Amino acid sequence: MQCGSGLTERVLPGETMPRLVCDDCGFVHYLNPRPVAGTIPEREDGSLLLVRRAIEPRLGSWVFPGGFMY
């Protein structure tokens, strides 16, 4: 859907649900989009607040705080 090539249903590494994935560019077409919220908190000294992900995907990565809205 990103590059115009066809999509194939497959389970991505670290996931359990099958997803529609482009074989050419790797774009993932999610069939269950949900609203999310995020923030980029800035401290008085100009530094930014990051959090470390506690779950997959990207377990242990540094990211801005955010998440799904239910």
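The values are calculated or read from the model by the stated rules, or taken from the named source; none is laboratory data. Note that this is a predicted model, so its numbers are computed, not measured. Positions of Cβ are generated from backbone atoms using ideal geometry, with glycine treated the same way; all protein chains shown enter the neighbour counts.
With the structure loaded, tell me whether ARG53 is surrounded by fewer than 11 Cβ atoms within 10 Å (Cβ to Cβ) and either among the basic types (Lys, Arg) or in contact with a Leu (Cβ under 6 Å, 6 or more places away or on another chain) (or both) or whether it fails that test. Against the criterion (surrounded by fewer than 11 Cβ atoms within 10 Å (Cβ to Cβ) and either among the basic types (Lys, Arg) or in contact with a Leu (Cβ under 6 Å, 6 or more places away or on another chain) (or both)), ARG53 does not qualify.
Checking segment 15-27 against the condition returns a match, with at least one residue being among the basic types (Lys, Arg), at pLDDT below 95 and surrounded by 12 or more Cβ atoms within 10 Å (Cβ to Cβ). Among the numbered conditions (1) surrounded by fewer than 11 Cβ atoms within 10 Å (Cβ to Cβ); (2) of a type outside the set (S, T, N, Q); (3) at pLDDT 90 or above, the only one that PRO65 does not meet is (1). When LEU12 is tested against (1) loosely packed, with under 10 Cβ neighbours inside 10 Å; (2) over 12 Å from the mean Cα position of the chain (by Cα), just one condition goes unmet, and that condition is (1). When restricted to residues that are farther than 25 Å from MET69 by Cβ and of a type in the set (Val, Ile, Thr), segment 7-59 contains 3.
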